1. What does the charge dipole of the protein assembly as shown about its Cα centre add up to, to the nearest 20 debye, if the Cβ of each Lys and Arg holds +1 and the Cβ of each Asp and Glu holds -1?
2. Just which residue of chain B brings its Cβ nearest the axis of rotation onto chain A, and by how many angstrom, rounded whole?
3. Could you check which residue among B:GLY39, B:GLY31, B:GLY123 shows the biggest mean-square fluctuation in a GNM of chain B with a 10 Å Cα cutoff?
4. Quick one: if you take sqrt(5λ) for each eigenvalue of the C-alpha gyration tensor of chain B, what semi-axes come out, biggest first, whole angstrom?
5. Per residue of the range A:22-32, in order, report the coupling 6.51 cos²θ - 1.76 cosθ + 1.60 (Karplus, θ = phi - 60°) as ³J(HN,Hα) in whole Hz, putting x for Gly and Pro.
6. Which value at 222 nm does chain B reach when only helices count, each DSSP H run of 4 or more adding -39,500 (n - 2.57), with the total divided by all residues and rounded to the nearest 500 deg cm²/dmol?
7. Would you mind checking the tilt of helix B:64-76 against the longest principal axis of the Cα atoms of chain B, expressed as 0 to 90 degrees and rounded to 10?
8. So, in nm, how far is label A:ASP66 from label A:THR2 when the simple model puts each one 7 Å beyond its Cα toward the Cβ?
Number of protein chains: 2
Amino acid sequence: MTDLTIGEVAERTGLSVHALRFYEREGLLVGPVRRTAGGRRRYALLDVQWLEICVRLRESDMPLADLRRFAELVRQGPGNEAERLRLLDAHQPRVNERIRELEECRSLIAWKASVYADHLARGEAGGLWDPTADRQPSSSSS
Amino acid sequence: MTDLTIGEVAERTGLSVHALRFYEREGLLVGPVRRTAGGRRRYALLDVQWLEICVRLRESDMPLADLRRFAELVRQGPGNEAERLRLLDAHQPRVNERIRELEECRSLIAWKASVYADHLARGEAGGLWDPTADRQPSSSSS
DNA sequence: GTAGGACGTAGAGCGCGGTCTAGCTCAAGC
DNA sequence: GCTTGAGCTAGACCGCGCTCTACGTCCTAC
């Protein structure tokens, strides 16, 4: 068999062994994981592929609850593709929004860094915030 | 005075009143917030500007610990600009990496959504995963 | 002068997403 | 046969970043 042990799956998905068992308990898998006679999990390639998708969706901050819902739909088998699509479509704008947000943060950070860099380059030429001075006036930058 | 109450600051920073008090306790502010005779906080514009930066940095997942460190440096006054710059410079690649990650997730999601959309468009033309079928073979998509 | 709401402090509690422990079993290699 | 390490279950615990509670005070408006 091409089946994998939990340790092997952990290694290739990047999830911990603990997390894999946790995901299973939480109903995030698309089917019951088969077991050996001794009760050990044997993951099929299908399971691993699904887990790789889970990892991606989690990376993009999809909550476990949504992942669970998606898994349920897949588990139910064909017929609910419209709902699966809706789930993904609902997630996409959140990802886009998050990227936009991060890009804005990135420019702010880059800008502030450049202020400091300039300041250092011209050797303490001042103009930066100094809250140790006066706490009344509303002056300058960083 | 152009000073603001905690409620006003909450409104313009988007932080909750609770969060503002929490930030203060945690040493995330650049200076001691002044108080009225009755013990109420009066935020200076400087504080609000700093908080706006905090909000941005948090949005980009900078941990509170780093924020606290940055605040400490600013509180100490001029002379440590190199370290402040280092802090920001260390954060930037994390933000970039996160954006990259999210962009990858986005294309995966878009791709999967398109698979479902196609499937639905051609009316149940099959080819999607069906874990209810057979758990052995390593077949197709969705 | 009194009602109502915003504010104060201290500290407990929470939601999320895992992570870890205890105590046991299984299985591969020597 | 025995050791060793990987795996098993149930359930407790954790880190982060707030959030909320309890209860008292301040202050503005009527």
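1. 780 debye
2. Smallest Cβ distance to the axis, with its residue: B:ILE99, 3.
3. Residue with maximal mean-square fluctuation among B:GLY39, B:GLY31, B:GLY123: B:GLY123.
4. Gyration-tensor ellipsoid for chain B: 50, 20, 13 Å.
5. Running phi through 6.51 cos²θ - 1.76 cosθ + 1.60 with θ = phi - 60° gives 4, 4, 5, 4, 7, x, 9, 9, 8, x, x Hz.
6. Calculated at 222 nm, the ellipticity per residue is -20500 deg cm²/dmol.
7. Tilt of helix B:64-76: around 30 degrees.
8. Going from the A:ASP66 label point to the A:THR2 one covers 3.0 nm.
Coordinate-derived values only; no laboratory data. Just so it is clear, the structure is predicted and the values come from calculations on it, not from any experiment. Note: ideal-geometry Cβ built from the backbone for every residue, glycine included; neighbour counts use all protein chains shown.
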